[in-house]
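Below is one structure; the comments refer to it alone.
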Amino acid sequence: MDIATTLPGRGAVVPRARLRTDRPAQSLDGRWRFRVSPSLRGAPDDGWQRSAVAEWGDIEVPGHWNLQGYGLPAYSNVQMPFPVDPPHPPDANPIGDYRVDFDADPGVWDAPRRLLRFDGIESAAEIWLNGVSLGTTRGSRLTHEFDVTDTLVESGNRLAVRVAQFSDATYLENQDMWWLPGIFRSVTVHGEPVGAVRDVFVQADFDPETGAGTVQIDVDATASAHLIIPELDIDVAASGTIHVGSVEPWSAEHPRLYDAQVRTAAESVTLRIGFRRVEVRDAQLMVNGAPIMLRGVNRHEHRARHGRVHDADVVREELLLMKRHHINAVRTSHYPPHPDVLDLFDELGFWVIDECDLETHGFEHVQWRGNPSADPRWREAFVDRMQRTVHRDKNHPSVIMWSLGNESHTGANLEAMARWAKGYDPSRLIHYEGDHASTYVDIYSRMYASHDEVRAIAEEQPAGEDEHRRSLPFILCEFAHAMGTGPGGMQEYWDLFEAHPRLAGGFVWEWIEQGIEVDGPDGSARILYGGDFGEDVHDGNFVIDGLVDVHRRPRPGLLHYAAVIAPVSIEVDADRSAATIGNRYDTLGLAGVALQWSRTVDGEVVAAGDLIAPVCGPRERVMVALPEEARAEGRASQADVLTVEAVTIEDSTWAAAGHLLGSGQQVELAAVDVPPPFEAVVTDAEVGAAEIDPVTGRVQALAGLRISGPDVGVWRAPTDNDRDVGDDEPDLPSYAQRWRAAGMDRTVTRLLGIQPDGGTLVVRSRTGVPILDCALEARMRWTPLSETAVRLDVELTPSGPWPTEWARLGLDLELEGNPQGVDLVGEGPMPSYPDLRSAARFGWWRLDADDLTIDHVRPQESGSRMGVREAVIRARDGAVRIRTLGASFALTVSRHSRRALDGTPHNWELPDEARTFVSIDLAQSGVGTATCGPGVLPQHRLSPRAAAVSLVLERL
Ligand code: IPT
C-alpha cells in the first residue's frame with residue numbers, strides 16, 4: 001500500500017451521480033472485525049485479507065475507530081499534526097485493518113455487473129475482495145466505486161480494507177476539525193442490470209422572462225432511456241434539450257420540486273427536479289432573474305459521540321432548526337456532506353455552496369513552500385477530487401455554486417479544477433475564496449473582511465486592471481466567528497449587505513460546536529476539545545465555535561442571527577400611528593404572513609389584534625396604520641410596550657403556523673416614581689434596612705438577608721473573543737491581556753470616607769488597579785426607604801490615564817447560595833451585549849437558574865441582559881428587587897465568580913462557589929469577533945468615563 005504518492009486513488013470506476021434507483025443494493029454496514037497497528041511498516045503482512053481474524057476486535061461501520069476505543073481523537077486547525085514533508089505521512093501513523101464476511105444478496109448476485117461503493121473513508125484505503133486488490137481511495141469525503149463483477153462470489157465473500165489515518169491525502173485534507181479516521185460512511189454492493197442507467201446529468205433551467213422550463217439531460221445508459229415528469233406530462237427520450245413548458249421555479253424560499261424518472265426497461269432512477277437559473281448580472285448574484293441574499297452558515301458534519309458519521313434524523317432536525325432561524329444558505333465546509341444531505345437541501349430549500357474536499361492550509365506555516373495547489377505532480381489528484389464532487393451532487397437544484405475547496409492558497413491546480421467544473425457544468429458558479437484576484441472564479445469571496453473593507457468592496461467600480469473581480473458579486477464565505485460569547489457585529493454587517501446591491505450576504509463561521517463528548521469518571525458527560533486527549537500539536541478550544549452547541553441547542557448567537565436575517569422587518573413609529581413593514585424575502589410576497597400587535601402595560605397585555613397584512617413584494621417596504629388602542633396612555637408605572645410581530649399563517653415543513661418571522665417594538669418607559677424618604681436610624685453601620693460594615697463601607701445585609709457589595713468593577717471574565725487579537729489591531733495584545741496588564745482583574749479598594757449626612761449615609765471609596773495610578777472614585781449615598789428597602793445613589797468618576805478600554809463599568813453584589821432565577825423588566829429573554837442585541841425584546845421575563853448564563857465549554861463571561869429597569873433576583877435565602885430610578889442597566893447574575901470563569905478550562909471543572917454573583921453594569925463593551933475577524937467596533941468600545949445611577953434595593 002503506497003500512501004506517499006501525489007496521485008488520486010486507483011482502480012475505481014469513473015465517478016457518476018449519486019442516483020436513487022431500483023437496482024438491487026445490499027448494505028454492508030454493521031459490525032466488522034478490526035485491528036489497528038501503529039505504523040504502516042509495522043502493520044502485519046500476514047495474509048490478513050484472507051486468513052482468520054479470530055483475535056481481532058469489533059468495530060461499527062460506518063464509524064471512526066478512534067471514537068470506538070481504538071486510539072484517541074486529535075484536533076488541530078491550520079498546523080499540520082506532523083512534519084510538513086509532502087507527500088509523506090509520519091511513520092507513527094495508525095493503520096486500521098477492516099474485515100467483513102458476507103454472502104451476496106440474490107438480487108446483487110443475479111445482476112450481470114456488480115459494484116462495491118464506499119461513500120467515505122478517511123484518509124486513504126486499499127480494498128481487497130476475496131484476496132484480490134480492487135484499488136485504492138483518496139478523498140475522504142468522496143465516493144469511490146469498484147467493479148466487483150469478477151471478484152464477488154455468491155457466498156462467503158471476504159472484504160478487507162486497510163485504512164491509513166494519515167497519507168499523502170492528509171496534505172490535501174487539512175481542514176479545521178478533528179482527525180477522525182476510518183470507514184465513516186456507508187459501504188454498499190449493488191447489482192447493475194443489463195440496460196442500466198449508469199449516470200444522469202440533469203440541468204433544469206428556468207427562463208424568468210417566459211416562465212418556461214427546459215431540461216438538458218445527459219444519460220449514460222446501456223439501453224434507451226426515457227425521461228418522465230408526470231406532473232408536466234413529459235415522457236420523452238432522455239437526451240438533449242427538452243422543453244417542458246411553463247413551470248414553477250425552485251428557490252430556497254419556495255423549493256418547488258418535480259418528481260421525475262429516468263427509465264430504461266431494466267432500471268428506474270428517481271429524481272427531484274428543480275428549475276432555476278443562476279447568473280451574475282451587474283455584479284449581482286441572481287437566481288431566476290432576481291437578486292438573492294445568502295443568509296448562510298458554514299456547516300461541518302459533527303456529532304458529539306460519532307464525529308462525522310451521518311444520522312438521517314439528526315440532520316433533518318438540524319436543517320429544520322436552521323430554517324426556523326431563517327438561515328437560507330449553507331456552505332458545506334469544507335467537503336461534500338453525506339450524499340443524502342443534498343436531498344434535504346433540495347426539499348427544505350437552501351442555497352448551497354458545495355465545497356470540494358480540499359484544504360492545504362498546513363502549508364501556510366511554511367509560507368506555502370511546496371503547496372500542492374501549485375505543484376503539477378498533484379494536478380490529477382486535485383482534478384479527481386473536483387470531478388468526484390461535481391459528479392456525485394450534480395443533480396441537486398440547491399447547489400448553486402461549486403467551491404474548489406478551502407484555504408489552499410492559489411495555484412494552477414485550482415485553476416484546472418475550476419476549468420474542468422465550468423466546462424462540465426456551466427449552469428453553476430465557481431467559488432473559491434483563496435483566489436483573491438478572482439481570475440478563475442465567478443464570485444468574489446472573502447472571509448472575515450472587516451466592515452470597512454466590505455463597504456469599500458461594495459463601492460468598487462468595475463474598471464481597471466482587475467475589472468473581472470470588480471464586476472463580480474461579493475460574499476463573505478466566512479464571517480462572524482461564533483466562538484464563545486458572541487459573535488458581535490452581525491447587525492452591522494447585515495446593514496451593509498442590505499445597503500449595497502453587490503453584496504450577496506455571507507456565512508457565519510460556524511454552525512455547530514465540534515466538541516467531543518465522553519463520560520467522566522463519575523459517569524457524567526463532558527465535552528472535550530483540542531489538547532484534552534494529550535495531543536502534542538493542537539489548537540485548544542478553537543473547535544468550539546458554533547451557533548449551536550454540540551447537541552444542537554441554540555446559543556444566543558443563533559437567536560440574534562435569526563433576528564438580523566429575519567424575513568420581515570418591522571419599525572414602529574414613535575407615536576404608534578403606523579409601522580413600516582419590510583419584506584426581506586427575495587422572491588416571496590407577504591401573502592403567507594400575518595401581522596399581530598399587542599400592547600403590554602406593566603406586564604399585562606391590555607389590547608391586541610391583527611393588522612391587515614399589506615401587499616408587499618419581495619424587497620419592498622410598506623406602511624401599515626396602527627389602531628387607536630395601540631397608543632400609549634401614560635398610565636404605566638413601569639412601561640407601556642407595543643409589539644408588532646409577523647408570523648407564518650400556515651404550517652410548513654419547518655415550523656408550525658404562528659412561527660415568528662420578525663418583530664418590532666415601541667417602548668414607552670414610565671416616569672419613575674421616586675419613593676418618599678423614610679424615617680430610620682442612620683449611622684455608619686446602619687441605614688434603615690441596610691446593615692453596613694463601617695470598616696469597608698460595604699453593605700452586609702438587607703432586612704436580614706445577607707448581601708455584600710457593591711464593588712466597583714471594570715473587568716469581565718475574558719470571552720474567547722477578548723482573549724484573541726482582532727484583525728483591526730494586529731499589533732496590540734488581546735483585550736484580555738491588556739486588561740490583565742492594567743490590573744483590572746485585581747482591583748483594590750480604599751475607603752475614603754463614611755459619613756452620615758442628613759438622614760443618609762455617604763460612602764466614598766477609591767478603586768484602583770495594582771501597579772498603576774488610575775482609579776475610579778465612587779460616591780455612594782444610602783437612603784432608607786422602608787423596613788425592607790434602601791435607595792442607593794452612585795456616582796463613579798475615573799481618574800488617571802487608564803491604559804486601555806474597559807470591559808464594563810458596574811457594581812457587583814453577592815448573595816449566599818446559588819441563584820434560583822431572575823424576573824426582569826428589560827431586554828430579553830436571551831443575553832445581550834451592545835453589538836449582539838438584535839433579537840432582544842423589552843418585556844417581563846422570568847429566567848430560570850439555568851438560563852441566567854451560558855454554559856460555554858470553555859468558561860467565560862456570559863448572560864448579560866441589557867436595558868433592565870427592574871429585576872427580582874431569587875437567591876437561596878431570599879429575593880432582592882433592584883430597580884433603577886434613572887438610566888437602565890445591564891444585569892448579569894451568575895453562579896460563578898469572574899475569577900473562577902477566568903481560571904477554569906472546562907465547564908465541568910467549575911467549582912461550586914455556593915454564591916450568587918450579581919453585576920449591575922452602567923455601561924459595557926461589545927463582544928466583537930476577534931477570534932477571527934475584527935474586534936469590537938469603535939462605537940461599541942467602552943472608553944473610561946464617568947457614570948451615575950440611582951437604584952432601589954428591596955428585600956422581598
Ligand atoms: C478559517 C477556516 O476557513 C475555517 O475552516 C476555520 O478554521 C476558521 O478559519 C476558524 O475557525 S481560516 C482562518 C485562518 C481565517
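Tabulated data
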| item | result |
| --- | --- |
| Strands (runs of 3 or more DSSP E) completely within the stretch 740-822 that count 2 or more residues being under 27 Å from E686 (Cβ atoms) and β-branched (V, I, T) | 748-757, 760-768, 789-799 |
| Flag for R369 being assigned to a helix (DSSP H, G or I), among the charged types (D, E, K, R) and touching a helix residue (DSSP H, G or I) at 6+ places or on another chain (Cβ under 9 Å) | no |
| Residues of the stretch 504-525 satisfying the condition of being among the polar types (S, T, N, Q) and within 19 Å of G540 (Cα to Cα) | Q514 |
| Some residue of the stretch 311-332 being modelled with pLDDT of 95 or more, acidic (D, E), within 13 Å of the ligand (Cβ to nearest atom) and outside the structural domain of S251 (by TED's automatic domain parsing) | no |
| Among (1) under 24 Å from A525 (Cβ atoms); (2) crowded, with 19+ Cβ neighbours inside 10 Å; (3) in contact (Cβ under 8 Å) with a residue 60 or more places away in the chain - the single one T853 does not satisfy | (3) |
| Verdict on H300 being of a type outside the set (K, R) and within 16 Å of the ligand (Cβ to nearest atom) | yes |
| Residues that are away from the ligand (no atom under 16 Å from the Cβ) and aliphatic (A, V, I, L, M), drawn from the stretch 179-202 | I183, V187, V189, V194, A196, V197, V200, V202 |
| Residue within the stretch 343-350 that is touching a helix residue (DSSP H, G or I) at 6+ places or on another chain (Cβ under 9 Å) and part of a strand (DSSP E or B) present | no |
| Single condition A265 does not satisfy, out of (1) surrounded by 14 or more Cβ atoms within 10 Å (Cβ to Cβ); (2) modelled with pLDDT of 95 or more; (3) not in a strand (DSSP E or B) | (1) |
| When residues of the stretch 206-220 are limited to those that are part of a strand (DSSP E or B) and either modelled with pLDDT under 95 or open to solvent by 40 Å² or more (accessible area, probe 1.4 Å) (or both), the one nearest to I242 (Cα to Cα) | Q216 |
| Which listed residue, of D727, D711, is assigned by TED's automatic domain parsing to the domain that holds V918, among the acidic types (D, E) and part of a loop (DSSP other than H, G, I, E, B) | D727 |
| Selection count where residues are of a type outside the set (S, T, Y) and closer than 23 Å to G878 by Cα, scope the stretch 698-722 | 13 |
| Any pair with Cβ under 6 angstrom, 6 or more apart, that starts in the stretch 42-60 at a residue that is assigned by TED's automatic domain parsing to the domain that holds R185 and ends at one that is surrounded by 11 or more Cβ atoms within 10 Å (Cβ to Cβ) and of a type in the set (A, V, I, L, M) | A43/I95; Q49/A160 |
| Number of the exception - E359 against (1) under 13 Å from Y171 (Cα atoms); (2) open to solvent by 20 Å² or more (accessible area, probe 1.4 Å); (3) within 16 Å of the ligand (Cβ to nearest atom) | (2) |
| Of all residues making up the stretch 113-140, the number that are more than 34 Å from the chain's Cα centre (by Cα) and open to solvent by 10 Å² or more (accessible area, probe 1.4 Å) | 10 |
| Answer from V647, V667, V672, V681 - the residue that is β-branched (V, I, T) and surrounded by fewer than 12 Cβ atoms within 10 Å (Cβ to Cβ) | V681 |
| From S438, S408, S427, residue being closer than 30 Å to R256 by Cβ and out of contact with any Pro (no Cβ under 7 Å at 6 or more places or on another chain) | S427 |
| From the options E467, E460, E380, residue that is away from the ligand (no atom under 16 Å from the Cβ), buried (at least 16 other Cβ atoms within 10 Å of the Cβ), among the acidic types (D, E) and assigned by TED's automatic domain parsing to the domain that holds L496 | E460 |
| Qualifying residues in the stretch 823-834 (those that are touching a Gly at 6+ places or on another chain (Cβ under 6 Å) and not in a strand (DSSP E or B)) - the one most open to solvent (accessible area, probe 1.4 Å) | P834 |
| Lone qualifier among D103, D176 - being within 16 Å of the ligand (Cβ to nearest atom) and in contact with a Phe, Trp or Tyr (Cβ under 9 Å, 6 or more places away or on another chain) | D176 |
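To keep it simple, each residue is scored yes or no on (1) farther than 25 Å from W178 by Cβ; (2) hydroxyl-bearing (S, T, Y).
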position	(1), (2)
D495	yes, no
E498	yes, no
L503	yes, no
F507	no, no
W511	no, no
Q514	no, no
G520	no, no
S524	no, yes
G531	no, no
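The values are calculated or read from the model by the stated rules, or taken from the named source; none is laboratory data. Everything quoted here is computed from the prediction, not taken from an experiment. Cβ: placed from backbone, ideal geometry, glycine included. Neighbour counts: every protein chain shown. These accessible areas exclude ligands, DNA and RNA; they are computed on the full protein's heavy atoms, side chains included. Shrake-Rupley method; radii C 1.70, N 1.55, O 1.52, S 1.80 Å.
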